[in-house]
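Visitor: The structure follows.
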Amino acid sequence: MQKLLLLGDEAIAQAAIDSGISGIYAYPGTPSTEITEYVQRSKDAKEKGIRSSWSTNEKTAMEAALGMSYAGKRTMVCMKHVGLNVAADGFVNSAITGANGGLIVVAADDPSMHSSQNEQDSRFYGKFAMIPILEPSNQQEAYDMVHYGYEISEKYRIPVMMRITTRLAHSRSGVARKEQRSQNEIKLPVNLTQFVLLPSIARKQYKELLTSQEFFDKESHESGNNKYIDGKDKSLGIITSGIAYNYLMENYPERIVPHPVLKITQYPLPVKMIERLANECIKILVIEEGYPIIEEMLKGILSTGPKVKGRLDGTIPRDGELNPNIVGTAMGFKDTMGSNIPPIVRNRPPSLCAGCPHIDSYLDLNAVLADLTKGRVFSDIGCYTLGALPPYESINSCVDMGASITMAKGAADAGLVPSVAVIGDSTFTHSCTYRLLDAVNDKSPITLFILDNATTGMTGGQESAAAGRIEGICLGVGVEKEHLHVINPLKKHHAQNMSIIKQELDYNGVSVIIPRRECVQTLVRKKTEVNV
Ligand SMILES: Cc1ncc(C[n+]2csc(CCOP(=O)(O)OP(=O)(O)O)c2C)c(N)n1
Ligand code: SF4
């Protein structure tokens, strides 16, 4: 069968196409974005009619995928780890409704926060929802496990989570493809109340979910995904999860570990395999990317027996991404890997692109706020978050997508007036209509800046869901027409922009200012595309 050189994200996307999905739903977020982009670029996916446009946010993506599953078709929903917080309501309840057509939820975690607000571990959500979790250790496994994931999703009528991390998502390897499978026909659930979570039905379904745990556990032991690799030296037993297996193997150039290794890539945890390791070994080292989930569970499983070492006792750092060096040090090897960074390599802090429209927006805003005490600008996450850094230092918060509006409202309620919110166009449509409604209903004295650069800049320039409709949304929510302004963030309009901003900061209610100018990166890309 054909072999392709694929990123982990691309291997998942290709496997989804080959497994017969009818649609993929996602909101962009590093390191998950490339899964959907791959399907969007795929000629094969286009010919098969696979639906792949961006959703407004992770929650709408999750629910649309659940709807496609209800209709009997296979589907995938992808998000970064913090996106799962947004999708959590539908995600957790989907374990109770169960699936009809195969449903895989891909959660891409970002240990060390290369491009994220935190390094939360999505396995907690999978465990919380009580669904099977797959955690591939390499690109081939990611490809194969998508096929397997759809099989068990349909066999047990349950959504399946695939948890990946940045390093796997963004590194390449050869992947052998399997035979393509055709898409499912529309087939409604046999039980038409399966998706009706009225308490009387939900109680029954929840019992079914609990009963299913036994089967999920059996799968974890028998699927072949979890492997017990024996070793002669029982002074130590090692448990790895997902990509951490590779970091261990890189410490053994011959790829032979003298100790028994339990390689975990599927959950629920295979308790019998763990017990075998505990019975045979004197100590256990747990190497897992993210939170010490397995390590903490071991403390429950093994009330007596070998000493467990890992992130909790400091053998491995409690936070941050793993690498072969960290793992080697935990194994007691001398740190011999890698070389020092040559002095010519300078640290290059992130900054807004030259000519970025956000620069002029911040210069306008800073000039107006110059006479007031600092610390009154609430923001969100996007390219514009870089406005927190010198030389602008314009914003004072970035918590979660959309929090700018509601934090500004809360601060205004507390008496911090004027109170300003700054948000990007994509973040605004992601989750702000209802937040703006809160402010309008309370006539909160806030001024909202929606920095409309006509794209989702930070994640690579995907289209923005409400392009051309932002004013309509604001008016629809109840913002007064005379307090809604579109300005052009350019130096030549500085004086005029300042006067509009001043006027609205003085208004005792909700005002919205939309600085509108396209991101220079997408502009350049469009021009280059035209020239080709
Ligand atoms: C819940 C969640 N989903 C996705 C992301 C990834 N992400 C960070 S900023 C951003 C959108 C930025 O677009 P926009 O608001 O238009 O601002 P721009 O970057 O264009 O300035 C996305 C999708 C995230 N941080 N959190
Ligand atoms: S990518 Fe676009 S929005 Fe982001 S900093 Fe560059 S110009 Fe500004």
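Visitor: List the aspartates and glutamates whose Cα sits under 16 Å from the Cα of K59, skipping any in the same chain fewer than 8 residues away.
Guide: Reachable aspartates and glutamates: D89, D400.
Visitor: Taking the alpha-carbon distance from K527 and a cut-off under 18 Å, which aspartates and glutamates remain once sequence neighbours fewer than 8 residues away in the same chain are dropped?
Guide: E463, E518
Visitor: To the nearest 20 debye, what charge dipole does the range 438-497 have about its Cα centre, counting +1 at the Cβ of each Lys and Arg and -1 at the Cβ of each Asp and Glu? Could you put the intermediate results ahead of the total?
Guide: On the way: 5 positive and 7 negative charges, 56 e Å.
My answer is approximately 280 debye.
Visitor: Nothing charged except the Cβ atoms of Lys and Arg (+1) and of Asp and Glu (-1): what's the magnitude of the dipole of the chain about its Cα centre? Round to the nearest 20 debye. Show your work: numbers first, answer last.
Guide: Working: 56 positive and 59 negative charges, 140 e Å.
I would put it at about 680 debye.
Visitor: Expressed as a whole percent, how much of the Cα-Cα distance distribution for the range 1-140 exceeds 28 Å?
Guide: Numbers: 1112 of 9730 pairs.
Taking all Cα-Cα pairs of the range 1-140, the fraction more than 28 Å apart is 11 percent.
Visitor: Lys and Arg at +1, Asp and Glu at -1: add these up for the other residues within a Cβ distance under 14 Å of W54 and post the number. Numbers along the way, then the final one.
Guide: On the way: positive: R41, R51, K59, K80; negative: E34, E37, E58, D425, E463.
With Lys, Arg at +1 and Asp, Glu at -1, the net is -1.
Visitor: Would you pull out the residues with amide H under 5 Å of S397's amide H, same chain only if 5 or more places away, H placed 1.01 Å from N?
Guide: S379
Visitor: Let me have the 222 nm mean residue ellipticity of the chain computed from DSSP H runs of 4+ only, each contributing -39500 (n - 2.57), with the sum over all residues rounded to the nearest 500.
Guide: Numbers: 20 runs with 212 residues, N = 532.
Estimated from H runs of four or more residues: -12000 deg cm²/dmol.
Visitor: Let me ask you something else. What is the ratio of the Cα radius of gyration of the range 13-55 to 2.2 N^0.38 Å, with N the residue count, to two decimals? Before the final figure, lay out the partial values.
Guide: On the way: Rg = 9.5 Å, N = 43, 2.2 N^0.38 = 9.2 Å.
Compactness ratio reported: 1.03.
Visitor: Okay, next question. Show R51, R74 ordered by accessible area, largest first, where the area counts protein heavy atoms only and the probe is 1.4 Å. Kindly include the intermediate steps, with their values, before the conclusion.
Guide: Numbers: R51 80, R74 15 Å².
Ranked list, largest accessible area first: R51, R74.
Visitor: At q = 0.16, 0.23, 0.26 Å⁻¹, what log₁₀ I(q)/I(0) does a Debye calculation on the Cα points of the range 367-455 give, no solvent, two decimals?
Guide: Treating every Cα as an identical point scatterer, log10 I(q)/I(0) equals -0.57, -1.14, -1.38.
Visitor: Please state, as a whole number in µm²/s, the translational diffusion coefficient that the Stokes-Einstein equation yields for the range 90-140 at 4 °C and 1.567 mPa s, with Rh defined as the Kirkwood radius across alpha carbon pairs. Mind showing how you got there, number by number?
Guide: Working: Rh = 12.7 Å.
Estimated diffusion coefficient is 102 µm²/s.
Visitor: When N counts the residues of the range 278-337, how does its alpha-carbon radius of gyration compare numerically with 2.2 N^0.38 Å, as a ratio?
Guide: Numbers: Rg = 11.9 Å, N = 60, 2.2 N^0.38 = 10.4 Å.
So the range 278-337 has a normalised radius of gyration of 1.14.
Visitor: Which order do the peptides 470-481, 91-102 take when ranked by the mean count of other beta-carbon atoms within 10 Å per residue, highest first?
Guide: Numbers: 470-481: 15.9, 91-102: 23.4.
Descending mean neighbour count gives 91-102, 470-481.
Visitor: Counting Lys and Arg as +1 and Asp and Glu as -1, what is the net charge of the other residues whose Cβ lies under 13 Å from the Cβ of V190? Kindly include the intermediate steps, with their values, before the conclusion.
Guide: On the way: positive: R157, K187; negative: E154.
Taking every other residue near V190 into account, the sum is +1.
Visitor: So, one more: Ignoring ligands, DNA and RNA, what accessible area per residue does the range 1-118 give at 1.4 Å, in Å²? Walk me through the intermediate numbers first.
Guide: On the way: 3400 Å² over 118 residues.
That works out to 29 Å² for each residue.
Visitor: Whole-Hz ³J(HN,Hα) for each residue in the range 272-286, computed from phi via Karplus 6.51 cos²θ - 1.76 cosθ + 1.60 with θ = phi - 60°, x for glycine and proline: what do you get?
Guide: Using θ = phi - 60°, the values come out as 5, 5, 5, 4, 4, 4, 5, 6, 8, 10, 7, 10, 10, 10, 9 Hz.
Visitor: Can you give the relative contact order of the range 289-362 as a percent, counting alpha carbon pairs under 8 Å and 6+ residues apart?
Guide: Working: 35 pairs, mean separation 15.2, N = 74.
About 21 percent, as a whole number.
Visitor: Using 7 Å Cα-to-Cβ label points, what is the E208/E296 separation (nm, one decimal)?
Guide: About 3.0 nm, to one decimal.
Visitor: Suppose R0 equals 41 Å; then what is the FRET efficiency for L490 and V345 from their Cβ-Cβ distance, rounded to the nearest 0.05?
Guide: Values: r = 36 Å, r/R0 = 0.88.
It comes out at approximately 0.70.
Visitor: Of all DSSP beta bridges in the range 131-273, what percent run antiparallel (nearest 5)? Write out the running numbers ahead of the final one.
Guide: On the way: 5 of 11 bridges.
Percentage antiparallel, nearest 5: 45.
Visitor: Over 20 Å between C-alpha atoms is what I'm after, so list which of K73/K227; K80/K218; K127/K263; K299/K334; K80/K127 land there. Could you put the intermediate results ahead of the total?
Guide: Working: K73/K227 31 Å; K80/K218 29 Å; K127/K263 18 Å; K299/K334 29 Å; K80/K127 17 Å.
Pairs exceeding 20 Å: K73/K227; K80/K218; K299/K334.
Visitor: Could you order V190, V345 by accessible surface area, starting with the largest, using a probe radius of 1.4 Å?
Guide: Numbers: V190 145, V345 85 Å².
Largest to smallest exposure gives the sequence V190, V345.
Visitor: Rank these residues by their accessible area, most exposed first, probe 1.4 Å: M337, M76.
Guide: M337, M76
Visitor: Using a probe of 1.4 angstrom, how much of the accessible area of the chain is carbon and sulfur, in percent? Write out the running numbers ahead of the final one.
Guide: Values: 12880 of 23290 Å².
Using a 1.4 Å probe with all protein chains present, the chain comes out at 55 percent carbon and sulfur.
Visitor: Using the eigenvalues of the Cα gyration tensor, what equivalent ellipsoid semi-axes result for the range 284-400 when each is taken as the square root of five times the eigenvalue, whole Å, largest first?
Guide: On the way: eigenvalues 402, 94, 21 Å².
Taking √(5λ) for each eigenvalue gives 45, 22, 10 Å, largest first.
Visitor: Another question, if that's okay. Let me check against my output: what whole-number percent is the relative contact order of the chain, with C-alpha pairs under 8 Å and at least 6 apart? Spell out each step's value before the answer.
Guide: Working: 1091 pairs, mean separation 59.6, N = 532.
Averaging sequence separation for qualifying contacts and normalising by length gives 11 percent for the chain.
Visitor: If I model the range 208-301 as equal point scatterers sitting on the Cα atoms and use the Debye formula, what is log10 I(q)/I(0) at q = 0.11, 0.20, 0.24, 0.26 Å⁻¹?
Guide: So the normalised log intensities work out to -0.31, -0.99, -1.34, -1.49.
Visitor: Would you work out which of M297, L236, A129 lies farthest towards the positive end of the dipole of the chain? Charges go on Cβ: Lys and Arg +1, Asp and Glu -1.
Guide: Projecting each Cα onto the dipole axis, the largest value belongs to L236.
Visitor: So what's the convex hull volume per residue for the Cα atoms of the chain, in Å³?
Guide: Details: hull volume 102.3 nm³, N = 532.
It is 192 Å³ per residue.
Visitor: Quick one: accessible area per residue over the range 182-288, 1.4 Å probe, rounded to a whole number of Å²? Don't jump to the answer; show the numbers that get you there.
Guide: Details: 5530 Å² over 107 residues.
Accessible area per residue, the range 182-288: 52 Å².
Visitor: On to the next question. What residues qualify as long-range amide H neighbours of G20, i.e. H under 5 Å apart, gap of 5 or more or another chain, H built at 1.01 Å from N?
Guide: R181
Visitor: Let me ask something else. Give me the lysines in straight-line cross-link reach of K492: C-alpha distance below 23 Å, same-chain residues under 8 apart excluded.
Guide: Partners found: K502.
Visitor: Considering only C-alpha atoms, what is the centroid distance from the range 470-510 to the range 17-95, in Å?
Guide: The range 470-510 and the range 17-95 have Cα centres separated by 36 Å.
The values are calculated or read from the model by the stated rules, or taken from the named source; none is laboratory data. Predicted model, so just to flag it, every value in this text is computed and none were measured. Using ideal geometry, Cβ is built from the backbone for each residue, glycine included, and neighbour counts are taken over all protein chains shown. Please note that ligands, DNA and RNA were not included when accessible areas were found on the heavy atoms of the full protein model with its side chains. Shrake-Rupley method; radii C 1.70, N 1.55, O 1.52, S 1.80 Å.
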